[in-house]
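Report on the structure given below.
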Number of protein chains: 2
Amino acid sequence: MNPEPVLRSLALTMPLAAAAALITVLYLVRWLSLKDRGNDRMQKVSGAISKGADAYLKRQYKTVTFFFAAMFVILALASFYSKMSMFTPFAFVTGGVFSGLAGYVGMKTATSSNVRTAQAASRSLEEGLKVAFSSGSVMGLTVVGLALMHISLWYFTLDWYYTEILPSASQAAKFAQMASVLLTSSMGASSMALFARVGGGIFTKAADVGADLVGKVEKNIPEDDARNPAVIADNVGDNVGDVAGMGADLYESYVGSIIAASALGASAGYGLSGTILPFMIASFGVIASIIGGFFVRTGGKSGQAALLGALRRGTNAAALMSTVGSFFIVRYLLGADGTRMFFALFSGLAAGVLIGHATEIYTSSSYKATKDVSRSSLTGTATVIISGLSSGMRSTGLPVLIISGAIMASYYIAGGKLEPTKGLFAVSLAAVGMLSTLGITLATDAYGPVADNAGGIAQMAGMSHYVRERTDELDSLGNTTAATGKGFAIGSAALTALALIANYNDQIKGFTLNLNLMTPETMSGVFLGAMLPFFFSAMTMDSVARAAGSIVDEVRRQFKEIPGIMEGSADPDYATCVDICTASAQKEMIMPSLLAILAPIVTGIVLGPNGLGGMLVGAMVSGFLLAIMMSNAGGTWDNAKKYIEEGNFGGTGSDAHKAGIVGDTVGDPLKDTSGPSINILIKLMTMVAIVFTPVIVSLSLIK
Amino acid sequence: MNPEPVLRSLALTMPLAAAAALITVLYLVRWLSLKDRGNDRMQKVSGAISKGADAYLKRQYKTVTFFFAAMFVILALASFYSKMSMFTPFAFVTGGVFSGLAGYVGMKTATSSNVRTAQAASRSLEEGLKVAFSSGSVMGLTVVGLALMHISLWYFTLDWYYTEILPSASQAAKFAQMASVLLTSSMGASSMALFARVGGGIFTKAADVGADLVGKVEKNIPEDDARNPAVIADNVGDNVGDVAGMGADLYESYVGSIIAASALGASAGYGLSGTILPFMIASFGVIASIIGGFFVRTGGKSGQAALLGALRRGTNAAALMSTVGSFFIVRYLLGADGTRMFFALFSGLAAGVLIGHATEIYTSSSYKATKDVSRSSLTGTATVIISGLSSGMRSTGLPVLIISGAIMASYYIAGGKLEPTKGLFAVSLAAVGMLSTLGITLATDAYGPVADNAGGIAQMAGMSHYVRERTDELDSLGNTTAATGKGFAIGSAALTALALIANYNDQIKGFTLNLNLMTPETMSGVFLGAMLPFFFSAMTMDSVARAAGSIVDEVRRQFKEIPGIMEGSADPDYATCVDICTASAQKEMIMPSLLAILAPIVTGIVLGPNGLGGMLVGAMVSGFLLAIMMSNAGGTWDNAKKYIEEGNFGGTGSDAHKAGIVGDTVGDPLKDTSGPSINILIKLMTMVAIVFTPVIVSLSLIK
């Protein structure tokens, strides 16, 4: 349709958008650095958190380096002995490096902004919001900026290679190799994300549960009290888990969805136009996100509604701009088919918003579900647990209807009935649509832990109570955006995984028939795949329990052996708790990560490519359900407890409150470790399957 | 291969085996009726239980009658306006009646044997075992006897109809109509089973949780204390839930697997031989079960190991006989293909045994998993809950490997690679093999609640402590067999559902392509189906919570308003608690049951036959996982608590024990209401899909 040179130059929008994002990041970082860091005591606390987080990431990157080196060798051998591109091992490594870098920048900013947010909040609520949100924006824009820069890097390198060095390659071969290299880079990002999510998730919940079990329950000292030896570890955890982990997760969904769509665009018969369409949508989304950031203002008003309104104004503005821009982009690139594909993009965007709302309905204490869970605390702990589990299970209903609706709508509107490849391309565009404004949606999400940390610093540094009240207000909003963000993360993970599975299906088509459920290997594969998220969650939950156990022992030891802690006359040894969490998280993250990488390879070899396809579908579906159930059950327990603390059903200190605390503690590993890790599990397994398809096909026992 | 007249006469083995089973039942009932019913006080307690159970079943059958009348009309209209056979509505009703009858007989025997077991246990442990096991055998043999009689009834009626009245029908049309009518009868049984499982499950856990929350926790009186107003309701619950519910459930799996295999046998190209093969396997299994019963003896030895050994001897003897017999039957009927099909049968039998073992590993306190959960009670309630959930999730691993292994093995050994229909027939034979000795495996399972009730009677009637110790020993064994039985029930449900899905696939083949996962409707169907067990479980858990809430209120009221209950000078009003449970269970069972029946019809209409196929697979897979997770988590919490009561980790009354009790209470609705009901949900939805295929296809929006 459009002449090739024009299209090739249009791909340049991607590095330009990336540059715009990263320049904005630089500007924001500079702006933040000029903000007041408060008094010595605040800086001391903040310094301890920052030091702990640095130490953790350093250790994590060291562990991960071994893994990446090993994978580099394996992929190098595979590319040598099979039809895999020679760029594959390098792409894997750069994928990991960029994903890690995104997490690192986000976390560095968060740990240096927490104290500034606390100080700003001492002036006004709006000031506090501005600083915390700017820190979140650094994270959001770094993720999308680095992602687009990384895709550009490989896209233009490969484009140059196939134009200048190997011009003899056919267009189809060129597309296939490019897709495979880009997917490998995505797999690298995914591996890094899994380590970050699992390790960070274990760290944060071990510290949180350990600090609460001894501090709150045994010693009766409040949350974030400086006398608790695990308090710094707890605050470090917010950064390594919620910031670095979440960033790596969404980096990976973002990259995965763009690349999957790009590959499907080529095979849907749109040629280069199909390939660069996702790039341009993403690029425009970045610009929309940057502009949307300017709309985040409270207008001087205070209160939860005003704060939420401010954030919503920003995300809505960005979504609107992105929608309008997308329309013109698809129309320009795909001509008459463009309008249909636009609806696919739009259905993804709408599904993201709707899943966020559905999450709120089941986790916010403004709604009946969480109030019911809260009320059940009146009849004791058992009923709180049962009603929370039940609410989590029930909450899977709406997201499934929304995702299924988005799949059906995008496929059929795009004309998938007659041309299935176009239908699948449309489904992958829905994922791109959902993630197009990630720059700003991630900002609203990453802002939460900064506010949470600011509250911790205000408490530990003994700032006046109105500062703590303001940071609490900011934090409480952060809980709402975190819940929405989790729904968004899992929704986008499901659509991205589906797009990736479609890619896998494309890959194996040459070898086998199709994913017919009535073949025993596909059916067994579905069974196996559906089981994996359950097994994986059990592993990560046990990891948290073990790590929390060592923290409990250590905190008890310090209270016993260091005299004067309770009186405040002696400092506890914070660093040891941080060390224990770091070491446990590193040790515990290995097995679940290996499961994710080995399961598809072993399944592929034993059950063949169709069995592996079934496994990927089974894992995606059951993982989606389990992740929603665990995140929402955890969220509802958390807010049910807070609802009691607001004075309902007996208030703080009542028996109902004690029951509520147990519910919250049970929910912690579910919502912050196991649940979110599943997102990455299902995507990573699919990418492993795609990258290793040639190997799996040649080794598989069933053809 | 074999001449038709010979084969037709061989089908007569089925009514003969049914007669043998029912004659044995009559003999056992007579033998039981001669046993001593103990003193007046015991009879009074037993009478109250029996009266409550009768009242419940009467009310339940009344409610259900409306449903069956409505379905009769719907099916009559459908058979009038579509190609459905005119026998369909009648088959649906008789299916329900026979299933209900099986539950009724089993429960009547159980409620009249509990007091006899208590009395016999006052003489010796072996006597107690004999009485309780005989009562269980009545249940087991009634289920298989009535099932085979019911299949015979329709098989010979239809055979006569197509030979004498409509001889012009083609062989294929005849088989199709027979299969459809028999499957409808199975759907009737399934509907009745769902009501029994859900209603009974809600009744038993509402009474149990309600009795415990006020009696044990608030009033500090022991389990089964006559002063607790809900104690009779609790004992009634054991009968209506664990006996009648379990009986109806397995009746339905048994009938479903035989009929599904029979239908697939015809379409696998084995003609009449394939049709009657499952009948003969089942018939021989009944005889093996009757003989196996004679091997159940303790040989005068006492202790858990001797008791378990006695039961194992019986089930193993029956399994061995059934295996040997099956070999000759398949060889005779299928000739050279027979040996291959024999391995399919055998793999099912082996899978049943292995799943039972896997369940034990994760729920018995002899193994590490449950000990770990028990130990986690030392750090409080939250860790007990987390570790129990995690153990339940982890326990899904082995059963999935076993079931997948059985599916793969039976399909490929039978030559499914070249002839898929033979492969699917083999998978359905695996289900038949697993259930072939149901007569005795169900007996070992149904014996548990009788022993449990006997213990309750011994306590309430103030029998001497050594009687209670013996009934406790019997009951504890019952917990082990119940866990194994639950694994068996869910394993057979999965295989039966799979065989039924294969039937469904056969049915829709004429209309559509196939269940390719890469079509959006199949994919959306899988998402939707996988969600349904979560949603259904949430509904039933909430039902239990609501019903238990009304019991708590009532028990509290009685303690307050009836003076002298605590001193034992006044009798509490047991009947009101029974009434409340009955009324709640009836009300609460409606919505989940409607979900099961409407979901496939609505999905079929909206997503078309392929979407519905995906939904059935999704529900089967996620239902299998969720049922195992919930049953095993509940089982491990139950036994972890008992392990503490045996004196570990502080023993009875310690903080650890209190945490253990909360775990047990959380597990109650999971393991006895929601988990087992899922078994029926997944089978019933598939049968609804099969029966309504013509309607769904004509109304569906996507073809």
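The values are calculated or read from the model by the stated rules, or taken from the named source; none is laboratory data. Note that the structure is a prediction, hence the values are computed from the model and not measured. Because the Cβ atoms are built from the backbone with ideal geometry, glycine has one as well, and the counts that use them run over all protein chains shown.
Results, tabulated for the structure shown:
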{"read-out": "Search result, residues across the range A:277-313 that are surrounded by fewer than 22 Cβ atoms within 10 Å (Cβ to Cβ) and aromatic (Phe, Trp, Tyr)", "value": "A:Phe284, A:Phe294, A:Phe295"}
{"read-out": "Test: residue in the range B:561-570 that is surrounded by fewer than 22 Cβ atoms within 10 Å (Cβ to Cβ), within 32 Å of the chain's Cα centre (by Cα) and of a type in the set (Ser, Thr, Tyr)", "value": "no"}
{"read-out": "Residue among B:Ser537, B:Ser543 that is buried (at least 24 other Cβ atoms within 10 Å of the Cβ), in contact (Cβ under 8 Å) with a residue 60 or more places away in the chain, over 24 Å from B:Ser390 (Cα atoms) and of a type in the set (S, T, N, Q)", "value": "B:Ser543"}
{"read-out": "Filter result (assigned to a helix (DSSP H, G or I) and over 19 Å from B:Ala53 (Cβ atoms)) within the range B:555-580", "value": "B:Val555, B:Arg556, B:Arg557, B:Gln558, B:Phe559, B:Lys560, B:Glu561"}
{"read-out": "Residue selected from the range B:360-376 under the condition of a type in the set (Val, Ile, Thr) and buried (at least 24 other Cβ atoms within 10 Å of the Cβ), by the criterion nearest to the other protein chains (Cβ to nearest Cβ)", "value": "B:Val373"}
{"read-out": "Meets criteria (away from chain B (no Cβ under 14 Å), hydrophobic (A, V, I, L, M, F, W, C) and closer than 22 Å to B:Val400 by Cβ) for A:Ala583", "value": "no"}
{"read-out": "Some residue of the range B:80-88 being crowded, with 24+ Cβ neighbours inside 10 Å and in contact with a Phe, Trp or Tyr (Cβ under 8 Å, 6 or more places away or on another chain)", "value": "no"}
{"read-out": "Where A:Gly397 falls short, out of the listed (1) within 18 Å of the chain's Cα centre (by Cα); (2) within 13 Å of chain B (Cβ to nearest Cβ); (3) surrounded by fewer than 24 Cβ atoms within 10 Å (Cβ to Cβ)", "value": "(1)"}
{"read-out": "Residue within the range A:101-114 that is buried (at least 22 other Cβ atoms within 10 Å of the Cβ), of a type outside the set (Val, Ile, Thr) and closer than 30 Å to A:Gln177 by Cα present", "value": "yes"}
{"read-out": "Some residue of the range A:402-420 being within 25 Å of A:Arg312 (Cα to Cα), touching a helix residue (DSSP H, G or I) at 6+ places or on another chain (Cβ under 8 Å) and facing chain B (nearest Cβ under 9 Å)", "value": "yes"}
{"read-out": "Criterion (touching a Ser or Thr at 6+ places or on another chain (Cβ under 7 Å) and within 18 Å of A:Met541 (Cβ to Cβ)) met by exactly one of A:Met615, A:Met591, A:Met629", "value": "A:Met629"}
{"read-out": "Candidates B:Gly274, B:Gly245 - the one that is of a type in the set (Gly, Ala, Ser), crowded, with 24+ Cβ neighbours inside 10 Å and touching a Leu at 6+ places or on another chain (Cβ under 9 Å)", "value": "B:Gly274"}
{"read-out": "Checking A:His465 against (1) closer than 20 Å to A:Ile628 by Cβ; (2) surrounded by fewer than 23 Cβ atoms within 10 Å (Cβ to Cβ), the condition it does not meet", "value": "(1)"}
{"read-out": "Count of the range B:1-42 residues which are in a loop (DSSP other than H, G, I, E, B) and without any contact (Cβ under 8 Å) to a residue 24 or more places away in the chain", "value": "3"}
{"read-out": "Set B:Ile232, B:Ile221: member being more than 23 Å from the chain's Cα centre (by Cα) and surrounded by 24 or more Cβ atoms within 10 Å (Cβ to Cβ)", "value": "B:Ile232"}
{"read-out": "Which listed residue is facing another protein chain (nearest Cβ under 9 Å) and buried (at least 22 other Cβ atoms within 10 Å of the Cβ), from B:Leu517, B:Leu495, B:Leu500, B:Leu477", "value": "B:Leu517"}
{"read-out": "Residue in the range A:292-308 that is assigned to a helix (DSSP H, G or I), of a type in the set (Lys, Arg), away from chain B (no Cβ under 14 Å) and farther than 30 Å from B:Asp668 by Cα present", "value": "no"}
{"read-out": "Selected residue [in contact (Cβ under 8 Å) with a residue 12 or more places away in the chain, assigned to a helix (DSSP H, G or I) and within 14 Å of another protein chain (Cβ to nearest Cβ)] from B:Asp234, B:Asp159, B:Asp212", "value": "B:Asp212"}
{"read-out": "Only one of A:Ala169, A:Ala189, A:Ala211 that is of a type outside the set (Phe, Trp, Tyr) and modelled with pLDDT of 90 or more", "value": "A:Ala189"}
{"read-out": "Total residues in the range B:377-390, condition more than 7 Å from chain A (Cβ to nearest Cβ) and among the polar types (S, T, N, Q)", "value": "1"}
{"read-out": "Options B:Ile221, B:Ile258, B:Ile290, B:Ile232: the member that is within 25 Å of B:Ala11 (Cα to Cα) and out of contact with any Pro (no Cβ under 6 Å at 6 or more places or on another chain)", "value": "B:Ile290"}
{"read-out": "Subset of the range B:149-206 [of a type in the set (A, V, I, L, M, F, W, C) and closer than 30 Å to B:Ala233 by Cα]", "value": "B:Ala189, B:Met192, B:Ala193, B:Leu194, B:Phe195, B:Ala196, B:Val198, B:Ile202, B:Phe203, B:Ala206"}
{"read-out": "Lone qualifier among B:Ala633, B:Ala599 - being within 11 Å of another protein chain (Cβ to nearest Cβ) and under 24 Å from the mean Cα position of the chain (by Cα)", "value": "B:Ala633"}
{"read-out": "Which numbered condition A:Ile508 fails, given (1) within 30 Å of B:Phe425 (Cα to Cα); (2) crowded, with 24+ Cβ neighbours inside 10 Å; (3) of a type in the set (Val, Ile, Thr)", "value": "(2)"}
{"read-out": "Failed criterion for B:Met615 (all others in (1) under 18 Å from the mean Cα position of the chain (by Cα); (2) within 13 Å of another protein chain (Cβ to nearest Cβ); (3) of a type outside the set (Ser, Thr, Tyr) hold)", "value": "(1)"}
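A quick yes/no check of all residues on (1) of a type outside the set (A, V, I, L, M, F, W, C); (2) under 14 Å from B:Phe133 (Cβ atoms):
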site: B:Asp445; (1), (2): yes, yes
site: B:Pro449; (1), (2): yes, yes
site: B:Gly456; (1), (2): yes, no
site: B:Met463; (1), (2): no, no
site: B:Asp472; (1), (2): yes, no
site: B:Asp475; (1), (2): yes, yes
site: B:Gly478; (1), (2): yes, yes
site: B:Thr481; (1), (2): yes, yes
site: B:Phe488; (1), (2): no, no
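A quick yes/no check of all residues on (1) more than 23 Å from the chain's Cα centre (by Cα); (2) basic (Lys, Arg); (3) closer than 22 Å to A:Ser99 by Cβ:
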site: A:Gly256; (1), (2), (3): no, no, yes
site: A:Ser262; (1), (2), (3): no, no, yes
site: A:Pro278; (1), (2), (3): no, no, yes
site: A:Ser289; (1), (2), (3): no, no, yes
site: A:Arg297; (1), (2), (3): yes, yes, no
site: A:Lys301; (1), (2), (3): yes, yes, no
site: A:Ala317; (1), (2), (3): no, no, no
site: A:Val324; (1), (2), (3): yes, no, no
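Residues are listed down the side, and each one gets a yes or a no for (1) more than 21 Å from B:Ser492 (Cβ to Cβ); (2) surrounded by 17 or more Cβ atoms within 10 Å (Cβ to Cβ):
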site	(1), (2)
B:Thr315	no, yes
B:Leu320	no, no
B:Gly325	no, yes
B:Ala336	yes, no
B:Arg340	yes, yes
B:Leu349	no, yes
